[in-house]
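A short worksheet on the structure shown next.
The values are calculated or read from the model by the stated rules, or taken from the named source; none is laboratory data. The structure displayed is predicted, hence computed values, not measured ones. FYI the Cβ positions are ideal-geometry reconstructions off the backbone, even for glycines, and counts take in every protein chain you see.
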């Protein structure tokens with residue numbers, strides 16, 4: 001019997017293919033025997049974003065995505081591919097709210113995410129250039145460097161995350177009364193932001209998009225918009241639910257705020273990724289933690305701790321919202337030293353005497 005995950009992935013793939021022109025389906029047919037369902041689904045998510053980018057170009061504005069032909073791609077150059085990588089820094093997708101309204105959600109990508117999307121595009125263009133000689137393989141020579149040491153190794157321990165949270169909650173490192181006055185206005189919001197980042201592992205782009213209605217304390221879940229626009233329900237650990245529930249009540253009590261965003265700036269607007277980044281740097285300084293802390297630091301820390309706790313790579317992939325388990329294995333499946341030592345000390349061959 002096919003697993004629920006396999007059935008779900010096949011349904012997603014079929015649904016996505018209906019939105020593309022036929023030659024994209026032919027591309028998927030060419031790789032389906034050598035790629036996993038997760039990888040194929042990831043390719044289609046990445047191509048969805050690429051075709052949205054194409055619609056931003058003047059020559060594609062009046063062409064529906066399903067009607068784009070291979071010949072329409074023959075004039076795409078390396079410049080457009082590089083422009084696409086810049087587009088990935090910040091773009092919007094339209095989603096349907098619970099009330100049935102079409103709303104815009106902002107999306108951003110880390111350097112690693114951009115590299116994965118570039119890899120998908122390379123595979124796609126390699127296929128196109130073989131099947132359609134008039135299309136140049138314009139993605140082959142475009143590169144995006146990743147600082148692997150910084151991306152992979154920069155993480156926090158549970159004790160360091162607790163120290164960071166205590167710095168906010170206990171007003172540590174505040175130099176003067178003026179700073180204290182400002183801190184009192186933002187400390188609850190900042191504390192909950194760090195709590196959610198650290199205990200759910202969601203991306204900064206997913207966090208800033210959250211509305212009040214996206215949090216269900218009855219179900220202990222938050223609804224996030226993953227890359228590509230898909231909605232996912234993320235569980236909230238029991239440990240953080242009381243604080244988050246209190247914050248929801250606090251946020252709803254802001255009668256003078258029309259914005260429905262869960263986290264707002266002092267200007268009563270949806271908080272931006274940049275504001276969160278600056279906020280984290282401030283508390284990093286106050287907490288005296290000797291590590292470069294960014295929003296992704298908490299995602300990385302959660303991913304590695306979750307994997308070391310469960311030992312389940314597929315469960316970790318699902319928790320992080322990765323389209324491909326290969327991504328999870330590459331960057332998060334780093335066994336804790338103590339767990340590795342225990343496994344080695346207890347190792348034996350199973351045999352019958």
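Miscellaneous remarks
- Residue that is surrounded by the most Cβ atoms within 10 Å (Cβ to Cβ), among those in the range 47-82 that are farther than 18 Å from residue 135 by Cβ and touching a residue at least 24 places away in the same chain (Cβ under 8 Å): 49
- Condition met for residue 86 (surrounded by fewer than 13 Cβ atoms within 10 Å (Cβ to Cβ), within 28 Å of residue 211 (Cα to Cα), at pLDDT 90 or above and not assigned by TED's automatic domain parsing to the domain that holds residue 295): yes
- Evaluation of residue 200 against (1) at pLDDT 90 or above; (2) out of contact with any strand residue (DSSP E or B) (no Cβ under 6 Å at 6 or more places or on another chain) (one fails), failing number: (2)
Yes/no matrix, rows are residues, columns are (1) surrounded by 12 or more Cβ atoms within 10 Å (Cβ to Cβ); (2) out of contact with any helix residue (DSSP H, G or I) (no Cβ under 7 Å at 6 or more places or on another chain):
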residue	(1), (2)
232	yes, yes
244	yes, no
264	yes, yes
267	no, yes
276	yes, no
284	yes, yes
288	no, yes
295	yes, no
308	yes, no
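- Scanning the range 250-262 for residues that are crowded, with 17+ Cβ neighbours inside 10 Å and touching a helix residue (DSSP H, G or I) at 6+ places or on another chain (Cβ under 7 Å) gives 251, 262.
- Positions within the range 235-281 being over 23 Å from residue 293 (Cα atoms) and touching a strand residue (DSSP E or B) at 6+ places or on another chain (Cβ under 7 Å), in sequence order: 235, 248, 257, 259, 260, 261
- Candidates in the range 245-280 are the residues that are in a loop (DSSP other than H, G, I, E, B) and in contact (Cβ under 8 Å) with a residue 24 or more places away in the chain; of these, the one that is nearest to residue 189 (Cα to Cα) is 263.
- Scanning the range 215-230 for residues that are surrounded by 13 or more Cβ atoms within 10 Å (Cβ to Cβ) and either assigned by TED's automatic domain parsing to the domain that holds residue 107 or out of contact with any strand residue (DSSP E or B) (no Cβ under 9 Å at 6 or more places or on another chain) (or both) gives 217, 230.
- Residue that is farthest from residue 42 (Cα to Cα), among those in the range 119-134 that are touching a helix residue (DSSP H, G or I) at 6+ places or on another chain (Cβ under 9 Å) and outside any helix (DSSP H, G or I): 134
- Qualifying residue in the range 109-121 (condition: loosely packed, with under 13 Cβ neighbours inside 10 Å and either modelled with pLDDT of 75 or more or assigned by TED's automatic domain parsing to the domain that holds residue 85 (or both)): no
- Filtered residues of the range 312-342 (kept if at pLDDT below 65, surrounded by 11 or more Cβ atoms within 10 Å (Cβ to Cβ) and part of a helix (DSSP H, G or I)): 339, 340, 341, 342
- Residue selected from the range 91-104 under the condition surrounded by 13 or more Cβ atoms within 10 Å (Cβ to Cβ) and in contact with a helix residue (DSSP H, G or I) (Cβ under 9 Å, 6 or more places away or on another chain), by the criterion farthest from residue 260 (Cα to Cα): 91
- For residue 109, the stated conditions do not hold, so it cannot be described as part of a strand (DSSP E or B), under 30 Å from residue 300 (Cβ atoms) and out of contact with any helix residue (DSSP H, G or I) (no Cβ under 6 Å at 6 or more places or on another chain).
Per-residue answers, yes or no, for (1) crowded, with 20+ Cβ neighbours inside 10 Å; (2) on the phi < 0 side of the Ramachandran plot; (3) assigned by TED's automatic domain parsing to the domain that holds residue 317:
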{"residue": "130", "(1), (2), (3)": "no, yes, no"}
{"residue": "133", "(1), (2), (3)": "no, yes, no"}
{"residue": "136", "(1), (2), (3)": "no, yes, no"}
{"residue": "140", "(1), (2), (3)": "no, yes, no"}
{"residue": "169", "(1), (2), (3)": "no, yes, yes"}
{"residue": "184", "(1), (2), (3)": "no, yes, yes"}
{"residue": "194", "(1), (2), (3)": "yes, yes, yes"}
{"residue": "208", "(1), (2), (3)": "yes, yes, yes"}
{"residue": "213", "(1), (2), (3)": "no, yes, yes"}
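- Count of the range 32-54 residues which are within 19 Å of residue 83 (Cβ to Cβ) and out of contact with any helix residue (DSSP H, G or I) (no Cβ under 7 Å at 6 or more places or on another chain): 1
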